[in-house]
Amino acid sequence: MTAVTVLLCTACFSGDQTSSSSEEATTTPEPTPTSTYTPSQSVGDGPQAPNADEVPENPEWTPEDEDAAKQVAEDALADFARPDVEETQWANDFARWLTPEATTSYSAVDPANVPVKEVTGPATLDIDETNGFGVIATVPTDIGDYGVQLLRQGQDEPWKVNRLYPPEGAN
């Protein structure tokens with residue numbers, strides 16, 4: 001306990017403070033901190049916030065974009081719908097489809113509590129032609145239709161799952 005107290009007290013003083021018995025303690029003023037944070041544009045495969053100077057144009061919807069969004073929705077939900085898989089394996093498999101925000105949100109999920117076990121049909125999309133950055137996919141499952149919110153950062157960027165909406169009445 002004494003060692004901890006000494007360490008804590010020692011940490012309270014910095015080398016910038018000097019004092020002697022005949023003069024008062026003087027403190028060198030600390031410079032005002034400035035932010036050197038730059039948003040990352042290349043962390044993993046997840047979508048990243050664009051720099052304010054580099055706002056991408058609204059992506060156009062092409063048949064390839066629609067197919068890609070449907071495939072991601074189906075594949076992500078198939079990886080989600082595996083309550084019997086070991087927790088670490090489940091989390092790693094599912095995380096590859098997620099936005100950073102979704103990764104944080106779904107990191108506490110215990111796969112044993114996932115109510116869905118199977119994707120039973122192809123995804124459909126509810127497309128808003130004025131918004132090429134996001135879409136809601138509907139994916140049929142053994143417990144009903146799941147909604148899957150998909151986002152992308154630009155025309156040639158991958159679709160990522162931001163949120164799952166279980167069927168009404170599912171836990």
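Quick notes on this one:
- Among the residues making up the range 141-161, those that are farther than 11 Å from A73 by Cβ and open to solvent by less than 50 Å² (accessible area, probe 1.4 Å) are T141, G144, R152, G154.
- Residue count for the range 124-156, restricted to those that are closer than 27 Å to T88 by Cα, aliphatic (A, V, I, L, M) and either at pLDDT below 95 or part of a loop (DSSP other than H, G, I, E, B) (or both): 1
- Residue list for the range 119-140, restricted to those being farther than 30 Å from E57 by Cβ and open to solvent by 60 Å² or more (accessible area, probe 1.4 Å): T120
- Residue within the range 90-109 that is modelled with pLDDT of 95 or more, surrounded by 18 or more Cβ atoms within 10 Å (Cβ to Cβ), of a type in the set (V, I, T) and more than 17 Å from the chain's Cα centre (by Cα) present: no
The values are calculated or read from the model by the stated rules, or taken from the named source; none is laboratory data. Only a predicted model underlies this, so the values are computations on that prediction, with no experimental measurement involved. Neighbour counts are summed over all protein chains in view; Cβ atoms, including those assigned to glycine, are modelled from backbone coordinates with ideal geometry. With ligands, DNA and RNA removed, areas are computed over all heavy atoms of the protein, side chains included. Shrake-Rupley method; radii C 1.70, N 1.55, O 1.52, S 1.80 Å.
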